[in-house]
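First up is the structure itself, then whatever we jot down about it.
The values are calculated or read from the model by the stated rules, or taken from the named source; none is laboratory data. Please read all numbers here as calculations on a predicted model, not as lab measurements. Cβ placement follows ideal geometry from the backbone for every residue including glycine, while neighbour counts extend to all protein chains displayed.
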Amino acid sequence: MQDNSFQDCVKCTLCTAYCPMAAVNPFYIGPKQAGPDGERYRLKDKAFYDYALKYCLNCKRCESACPSGVRIGDIIAKAKLDSGQFHPGLREMILANTDMMGSLAVPFSPIINPVLKWDLSKKMMDGILGIDHRRTFPAYAGQTFVRWYKKHAGKAQEAFSKQVYYFHGCYANYNYPKLGQDLIKLMNACGYGVRLLEKEKCCGVALISNGMGGQAKRQARVNLASIRKAGTTVLTTSTTCTMTLRDEYPHVLGLDNADVRDNITLALRFLCEKVESGEIKLAFKSDYRKKVAYHTSCHAEKQGSWIYSLPLLRLIPGVQLTVLESSCCGISGTFGFKKENYEYSQGIGEKLFNNIRLANPDYVATECETCKWQIEMSTGFEVINPICLLADALDVEATRKLNQL
Amino acid sequence: MKYDDIIIGGGLSGLLCAISLAEKGRKCLIISQGQSTLNFSSGSFEFINTEEGEDFEHAIAALPSRHPYQKIGVDRLPRLRTSVAGLLDRAGIRTVGENERNHLRITPFGALKQTWLSLAEMTHFQKDELLGRVLVVDIRGFLDFNASFIASSLGQMGIQADTCEVYVHETERLRDNASEFRSANIARVFNGYTIDRLACAINEKATDVDFILLPAVFGLDKEEPARRMLEKLNKPAAFIPTMSPSVPGIRLQRLLKQRFISLGGMFLSADTVCGGEIVDGRLVSVRALNHGDTRFEAENFIFACGSFFSNGLKATQDKIYEPILGLDVDYEGGHGEWFAPDVYAEQPYMSFGVRTDKRLNVSLDGKTLENAYAVGQLLSGASPIKSGCTGGVSAVSAVYAADIILNQQ
Ligand SMILES: Cc1cc2nc3c(=O)[nH]c(=O)nc-3n(C[C@H](O)[C@H](O)[C@H](O)COP(=O)(O)OP(=O)(O)OC[C@H]3O[C@@H](n4cnc5c(N)ncnc54)[C@H](O)[C@@H]3O)c2cc1C
Ligand code: SF4
Ligand code: SF4
């Protein structure tokens with residue numbers, strides 16, 4: 001599938017002026033050249049500029065800036081997959097196969113988590129794999145979300161007259177089941193049962209960025225089949241999974257999802273719209289007091305999903321909210337874990353980190369899990385998904401009553 | 001999703017309108033599909049070209065009745081101009097310029113141009129204020145600013161102008177990626193001590209000159225680096241715009257957006273408004289591409305979508321149309337008559353735009369939409385090149401529409 005939007009480029013270079021990577025890395029040719037300019041050359045030779053494409057964070061801030069609607073990020077992501085020059089090594093396999101690594105690690109999490117923190121193992125990963133030793137690995141959970149769901153929550157969901165599905169993603173499943181649990185707590189209190197898809201695979205975002213297009217497509221097909229089978233709303237809690245399922249599948253992998261795209265939606269959007277229309281009511285604990293700084297992740301910026309998060313957070317009476325200027329944290333999924341990218345990654349995030357320090361909040365709220373790792377590691381401030389914040393502040397009994405349960 | 005006012009387009013006009021409304025406590029949403037033409041701004045806003053010594057009102061009186069200034073009403077313009085200057089000031093944007101008449105600025109080609117408001121750091125002077133002996137500073141390897149060209153243009157006007165080339169190691173490093181040695185990239189390295197070292201290098205070469213002219217590559221996020229540069233120079237100095245992207249323009253865009261957000265405004269970037277719902281002569285909601293079936297509802301809607309460049313207007317071989325709702329558009333003739341053969345001449349298509357009444361209300365199939373307004377470059381009837389009214393039309397129409405909305409409350 002050829003993306004012809006590159007022909008709309010008017011060569012204004014605004015994309016490059018707003019690209020966070022071009023701002024810190026003088027060797028990156030920037031979105032205009034890597035994207036629409038390069039695409040012309042690539043019509044002749046697929047490998048054109050491919051040495052530079054690895055720097056692209058897929059943050060899509062170039063697309064947000066482009067006055068002509070050129071899908072620059074998509075063009076670059078596709079060129080990366082098509083060039084055939086990216087041969088994923090062991091490191092890429094490990095970083096990109098979040099599903100496989102998660103399934104292997106969770107049963108051994110009591111051993112693996114401390115080991116990942118050892119200086120010695122960090123040095124070994126750095127030396128052997130090229131994973132930067134200054135990185136902190138996200139901890140693995142003791143039990144996957146799916147296992148917990150089957151044991152403790154699945155049965156109870158059948159009692160609800162209204163039902164939605166949940167695409168939990170790798171992070172909720174392997175690293176932080178509380179996110180999924182909190183979603184269920186919220187939805188149940190509002191009268192919705194939450195089901196899991198028949199089969200769920202990692203959305204594939206890391207496979208795409210690490211040049212493993214074939215595997216990404218196979219996983220995407222499994223997900224789309226399950227989403228079609230569900231035939232109704234499928235909620236998500238990660239902005240990146242959401243963007244991948246809704247936009248990268250058609251634009252980068254060439255898989256048509258038009259029939260189900262609108263069924264896939266961030267839980268925050270679903271909740272916000274239902275609250276606005278009066279279908280759902282939320283009540284919060286009167287003694288919940290937190291100073292919160294909201295960080296607009298790149299993919300929340302691209303999808304505009306923050307417009308649903310902010311009104312919900314503002315509903316909590318005890319939350320004092322600051323909205324941080326939208327800027328990239330620099331991690332970009334697996335990108336920042338690679339040794340050669342560490343300095344760029346931290347350089348890009350610096351502005352955001354400073355703004356967070358200035359705001360000095362109890363929590364930074366954001367819907368992106370990799371932003372969480374990056375911000376926690378770089379600033380020491382605790383990062384929380386707005387879903388968890390809403391669930392923590394929720395007065396469950398009062399909410400159930402308001403929703404006539 | 002419900003708001004008081006929804007503004008479509010986040011350029012100069014959309015932002016000024018939204019800020020005016022938000023300052024009065026209204027809950028506003030801007031939806032904008034990409035960066036606006038502010039990012040190419042010279043750092044000066046034009047209002048109207050005048051004869052030497054003439055004030056704005058004379059020149060405006062001569063405009064045809066279809067011109068936005070005439071629709072708004074000549075009497076209202078002085079007050080609206082004052083409002084615009086105040087809005088910019090409260091956004092932390094320092095400008096210079098009189099309310100009633102033009103000053104001059106120097107263009108990237110070394111020509112003198114009339115203008116209304118300029119950022120304080122840009123060149124601004126009156127005709128009789130000669131610059132004396134001038135030094136035009138070039139940065140080594142930077143191709144988007146041509147000091148010799150500027151110097152020779154100034155020379156032709158009888159101003160004695162020399163050039164010099166300077167560099168610091170930070171700019172030399174940028175040259176490794178020659179094609180991206182652009183204004184915004186340079187501005188990122190011009191901070192703190194880098195500026196001081198650059199100023200030293202310039203001061204050494206500026207011993208027997210009266211005035212220094214520099215490319216506007218200082219202060220992408222805030223004015224401070226530009227101000228610091230001027231302070232560190234031993235002689236009076238000012239900036240001339242470079243080829244785009246424009247560093248002062250990017251800063252303008254950012255500061256206005258920040259001001260809007262600090263007032264509680266919501267700025268939804270990267271999205272395209274693609275349709276709306278009309279009930280009983282009122283626009284009740286619009287839709288945006290990324291948000292599927294979500295309806296964005298508001299009491300008022302302001303179309304600030306710009307002209308052809310920003311896709312506020314579109315053209316096919318046989319018609320010109322407004323792509324969101326198909327609003328009524330003023331244009332004349334067939335495809336062949338839309339362009340003048342001389343590319344530097346006033347182009348007929350530049351005065352095409354969305355049709356409005358005197359209250360800037362738009363219409364659809366001849367029926368007025370009473371709660372929908374058009375502002376900025378989207379408006380029909382301006383003649384930007386001939387009369388030099390681009391920034392002025394965008395700014396005053398935006399504030400005027402906000403006034404109308406606020407007066408209804
Ligand atoms: C290269 C260039 C240089 C210029 N330099 C100067 C100068 O130095 N001084 C001066 O006074 N004037 C200058 N102008 C004129 C300038 O256009 C006006 O001054 C003014 O900034 C225009 O503002 P605007 O808000 O009306 O439109 P624009 O700046 O065009 O903004 C329109 C916005 O609406 C958005 N939009 C359009 N359609 C949709 C949609 N369907 N959904 C969502 N968003 C949409 C666009 O993406 C854009 O962000 C220049 C223009 C250009 C093109
Ligand atoms: S911002 Fe868009 S139009 Fe401008 S150079 Fe980049 S891709 Fe081209
Ligand atoms: S996606 Fe982000 S990193 Fe990649 S070119 Fe665009 S702005 Fe730059």
(Q) So, restricting to helices (runs of 4 or more DSSP H) that lie completely within segment A:305-405, which ones have at least 2 residues that are more than 19 Å from the chain's Cα centre (by Cα)? (A) A:306-315, A:342-359, A:386-393, A:396-402
Q) Just one of the numbered conditions (1) within 21 Å of residue A:19 (Cα to Cα); (2) touching a helix residue (DSSP H, G or I) at 6+ places or on another chain (Cβ under 6 Å); (3) without any contact (Cβ under 8 Å) to a residue 40 or more places away in the chain is not true of residue A:328; which one? A) (3)
Q: Answer yes or no as to whether residue A:32 is surrounded by 23 or more Cβ atoms within 10 Å (Cβ to Cβ), more than 8 Å from ligand 2 (Cβ to nearest atom), among the basic types (Lys, Arg) and within 11 Å of chain B (Cβ to nearest Cβ).
A: no
(Q) Among the residues of segment B:8-25, are any farther than 10 Å from residue B:304 by Cβ and within 12 Å of another protein chain (Cβ to nearest Cβ)? (A) no
**Q.** Count of residues meeting criterion [modelled with pLDDT under 95 and among the hydroxyl-bearing types (Ser, Thr, Tyr)] in segment B:12-40
**A.** 0
(Q) Please go through (1) near ligand 1 (Cβ under 8 Å from one of its atoms); (2) on the phi < 0 side of the Ramachandran plot for residue B:376 and return the number of the only condition it doesn't satisfy. (A) (2)
Q. Which one of these is away from every other protein chain (no Cβ under 14 Å), away from ligand 2 (no atom under 16 Å from the Cβ), under 27 Å from residue B:259 (Cβ atoms) and touching a Gly at 6+ places or on another chain (Cβ under 9 Å): B:91, B:85?
A. B:85
Q: Could you please let me know if residue A:349 is in contact with a Cys (Cβ under 8 Å, 6 or more places away or on another chain) and crowded, with 19+ Cβ neighbours inside 10 Å?
A: yes
(Q) Quick test of your reading of the structure: residue A:358 fulfils all but one of (1) under 26 Å from residue A:18 (Cβ atoms); (2) modelled with pLDDT of 95 or more; (3) of a type outside the set (Val, Ile, Thr); (4) surrounded by 16 or more Cβ atoms within 10 Å (Cβ to Cβ). Name the failing condition by number. (A) (4)
**Q.** Some residue of segment B:332-348 being buried (at least 24 other Cβ atoms within 10 Å of the Cβ) and either at positive phi or assigned by TED's automatic domain parsing to the domain that holds residue B:23 (or both)
**A.** no
**Q.** Enumeration of residues in segment B:221-258 that are more than 20 Å from residue A:352 (Cβ to Cβ), basic (Lys, Arg) and touching a helix residue (DSSP H, G or I) at 6+ places or on another chain (Cβ under 7 Å)
**A.** B:228, B:232
Q) assigned to a helix (DSSP H, G or I) and within 14 Å of chain A (Cβ to nearest Cβ), is that true of residue B:80? A) no
Q: Working only within segment B:305-321, note down all residues that are in a loop (DSSP other than H, G, I, E, B), touching a helix residue (DSSP H, G or I) at 6+ places or on another chain (Cβ under 8 Å) and away from every other protein chain (no Cβ under 14 Å).
A: B:317, B:318
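Conditions (1) among the aliphatic types (A, V, I, L, M); (2) touching a strand residue (DSSP E or B) at 6+ places or on another chain (Cβ under 6 Å), marked per residue:
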{"site": "B:2", "(1), (2)": "no, yes"}
{"site": "B:7", "(1), (2)": "yes, yes"}
{"site": "B:12", "(1), (2)": "yes, no"}
{"site": "B:41", "(1), (2)": "no, no"}
{"site": "B:57", "(1), (2)": "no, no"}
{"site": "B:61", "(1), (2)": "yes, no"}
{"site": "B:65", "(1), (2)": "no, no"}
Q | Among residues of segment A:11-29, those that are more than 8 Å from chain B (Cβ to nearest Cβ) and within 8 Å of ligand 2 (Cβ to nearest atom), counted | A | 2
Q) If you scan segment B:36-66, which residues turn out to be within 6 Å of ligand 1 (Cβ to nearest atom) and within 14 Å of another protein chain (Cβ to nearest Cβ)? A) B:36, B:37, B:38, B:40, B:41
Q.
Please go through segment B:267-286 and give me each residue that is within 12 Å of another protein chain (Cβ to nearest Cβ) and touching a Gly at 6+ places or on another chain (Cβ under 9 Å), ordered by number.
A. B:267, B:268, B:269, B:270, B:271, B:272, B:273
Q) Does segment B:150-172 hold any residues that are touching a helix residue (DSSP H, G or I) at 6+ places or on another chain (Cβ under 8 Å) and in a helix (DSSP H, G or I), and which are they? A) B:170, B:171
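Table: residues versus (1) at pLDDT 95 or above; (2) under 20 Å from residue B:160 (Cβ atoms).
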| residue | (1), (2) |
| --- | --- |
| B:195 | yes, no |
| B:202 | yes, yes |
| B:207 | no, yes |
| B:214 | yes, yes |
| B:217 | yes, no |
| B:231 | yes, no |
(Q) Checking residue A:258 against (1) free of Cβ contacts under 8 Å to residues at least 12 places away in the same chain; (2) more than 26 Å from residue A:220 (Cα to Cα); (3) of a type in the set (A, V, I, L, M, F, W, C), only one condition comes out false. Which one? (A) (2)
Q. Looking only at segment B:112-149, which residues are out of contact with any Ser or Thr (no Cβ under 8 Å at 6 or more places or on another chain) and in a helix (DSSP H, G or I)?
A. B:149
(Q) Restricting to segment B:272-306, give me the number of residues that are within 16 Å of ligand 2 (Cβ to nearest atom) and surrounded by fewer than 23 Cβ atoms within 10 Å (Cβ to Cβ). (A) 1
